Amino acid sequence: MTRVAIAGAGGRMGQALIEATLAATDLRLGAALEVPGSPFVGRDAGERFGRATGVTVGTDVAAALAAADVLIDFTRPEGTLAHLSACTRAGVAAVVGTTGLDPAQKEALAAHARTIPVVFAPNMSVGVNVLIALVEEAARRLAGDFDIEIVEMHHRHKVDAPSGTALRLGEAAAAGAGRRLADCAVYARQGVTGERPADAIGFATLRGGDVVGEHTVVFAGPGERVELTHKAASRGNFAAGALRAARYAAACRTEGRAGLFDMRDVLGLH
């Protein structure tokens, strides 16, 4: 069985990942990590689900990785990079769903992937990753006559904006339209902005309540509009996708194959 370590075990995604791992017949929860001072430290990782797993939530990354074949990390950029450094030293594969990484942090992540297999995706949902492929194809066919706008909404606790998924959808739309997102993205509009540039890709960010995640890519043309939407009702779909990624990364580790992979590799969408 593939042994899984989960970072951020006390968070929303961490809890969803623990629940999904415990339900999987081919995976075993090897370790659970939290930051020092977390109220989850010292407790059984399955306590919330009425399960005695024998895995205590801890803070020792090296000890956690000694009990794991793959680490799943949905935390914060600084913590993720520290965990990846430990994974590289231990030869453990990694699945990263952390958002908000800046270009330098993404380069550091890619450097670790030269030594170990790393699956990195801002959204592990199977549906979202199919949506990404559909957006790129739609942009390829529509971009000449249609304006592209991306709207996303998440719960009030999300700390980065736009979401990593919205940015990935923007990259897909830009690629399909033959553009670079960095050259055409518009992240905010206020006051007298002037007319919309024809090649712009606009973003609108909404925050509130307990919304798990909603993304819509709008292609607005003369006399018609195409909208491609994904709405997440629970974090279970993200957890299921992350476990698929964990299986893929663990298989790469067994084969001795390092590299930076995404959900297109995991799902065979290339």
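Filtering the range 253-270 down to residues that are of a type in the set (A, V, I, L, M) and over 21 Å from Leu131 (Cβ atoms), which residue is least open to solvent (accessible area, probe 1.4 Å)? Spell out the reasoning first.
Kept after step one, since they are of a type in the set (A, V, I, L, M), are these residues of the range 253-270: 258, 260, 263, 266-267, 269.
Filter once more, so that each one left must be over 21 Å from Leu131 (Cβ atoms): 258, 260.
Numbers: Ala258: 40, Leu260: 86 Å².
Within the range 253-270, the match that is least open to solvent (accessible area, probe 1.4 Å) is Ala258.
Do we have Gly144 as at pLDDT below 95, more than 13 Å from the chain's Cα centre (by Cα) and closer than 25 Å to Ala220 by Cβ here? Don't jump to the end; show me each part of the working.
Numbers: at pLDDT below 95: yes; more than 13 Å from the chain's Cα centre (by Cα): yes; closer than 25 Å to Ala220 by Cβ: yes.
Taking the combined requirement at face value, the residue satisfies it.
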Matching option when the condition is over 16 Å from Glu136 (Cα atoms) and crowded, with 17+ Cβ neighbours inside 10 Å, among Ala173, Ala250, Ala233, Ala185: Ala250
Kindly indicate whether Phe219 is open to solvent by less than 20 Å² (accessible area, probe 1.4 Å), in contact with a Phe, Trp or Tyr (Cβ under 9 Å, 6 or more places away or on another chain) and of a type in the set (Phe, Trp, Tyr). yes
Filter result (at pLDDT 95 or above and either out of contact with any helix residue (DSSP H, G or I) (no Cβ under 9 Å at 6 or more places or on another chain) or open to solvent by 10 Å² or more (accessible area, probe 1.4 Å) (or both)) within the range 1-14: Thr2, Arg3, Gly8, Gly10, Gly14
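Which one of Val130, Val135 is part of a helix (DSSP H, G or I), over 24 Å from Pro77 (Cβ atoms), among the β-branched types (Val, Ile, Thr) and open to solvent by 20 Å² or more (accessible area, probe 1.4 Å)?
Details: Val135 fails: open to solvent by 20 Å² or more (accessible area, probe 1.4 Å).
After applying the criteria, what remains is Val130.
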Determine the pairs where a residue that is over 23 Å from His215 (Cβ atoms), located within the range 101-122, has a partner that is modelled with pLDDT of 95 or more and open to solvent by 50 Å² or more (accessible area, probe 1.4 Å) with Cβ atoms under 6 Å apart, the partner being 6 or more residues away or on another chain. Ala110/Leu260; Ala113/Leu260; Pro117/Arg253; Val118/Leu260
For the range 152-167: of the residues being out of contact with any Asp or Glu (no Cβ under 9 Å at 6 or more places or on another chain) and in a helix (DSSP H, G or I), which is least open to solvent (accessible area, probe 1.4 Å)? Gly164
Residue that is farthest from Ala82 (Cα to Cα), among those in the range 25-37 that are surrounded by fewer than 17 Cβ atoms within 10 Å (Cβ to Cβ) and in contact (Cβ under 8 Å) with a residue 12 or more places away in the chain: Asp26
Are any residues in the range 188-216 more than 19 Å from Lys231 (Cα to Cα) and either surrounded by 18 or more Cβ atoms within 10 Å (Cβ to Cβ) or in contact with a Lys or Arg (Cβ under 7 Å, 6 or more places away or on another chain) (or both), and if so, which ones? Asp199, Ile201, Gly202
Quick one: is Thr193 part of a strand (DSSP E or B) and not aromatic (Phe, Trp, Tyr)? no
Is there any pair with a first residue in the range 193-221 that is under 14 Å from Ala232 (Cβ atoms) and a second that is open to solvent by 30 Å² or more (accessible area, probe 1.4 Å) and acidic (Asp, Glu) whose Cβ atoms are under 6 Å apart and which are 6 or more apart or on different chains, and what are they? Thr216/Glu227
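Inspect the range 36-55 for any residue being over 21 Å from Gly236 (Cβ atoms) and not in a loop (DSSP other than H, G, I, E, B) and give the result as yes or no. Please lay out each step first, then the result.
Step one: list which residues in the range 36-55 are over 21 Å from Gly236 (Cβ atoms), which gives 36-39, 41-44, 52, 54.
Narrowing further to those that are not in a loop (DSSP other than H, G, I, E, B): 44.
Among the residues of the range 36-55, at least one is over 21 Å from Gly236 (Cβ atoms) and not in a loop (DSSP other than H, G, I, E, B), which makes the answer yes.
Give the number of residues within the range 65-85 that are in a helix (DSSP H, G or I) and open to solvent by 10 Å² or more (accessible area, probe 1.4 Å).
Restricting attention to the range 65-85, the residues satisfying the condition of being in a helix (DSSP H, G or I) are 65-66, 77-85.
Then keep just the ones that are open to solvent by 10 Å² or more (accessible area, probe 1.4 Å); that gives 66, 77-79, 81-83, 85.
So the answer is 8.
The values are calculated or read from the model by the stated rules, or taken from the named source; none is laboratory data. As the structure is a prediction and not an experimental result, all values here were calculated from the model. Cβ sites come from the backbone with ideal geometry, for glycine too, and all protein chains shown count toward neighbours. When the accessible area is computed, the model is the full protein with side chains, heavy atoms only, and any ligands, DNA or RNA have been set aside. Shrake-Rupley method; radii C 1.70, N 1.55, O 1.52, S 1.80 Å.
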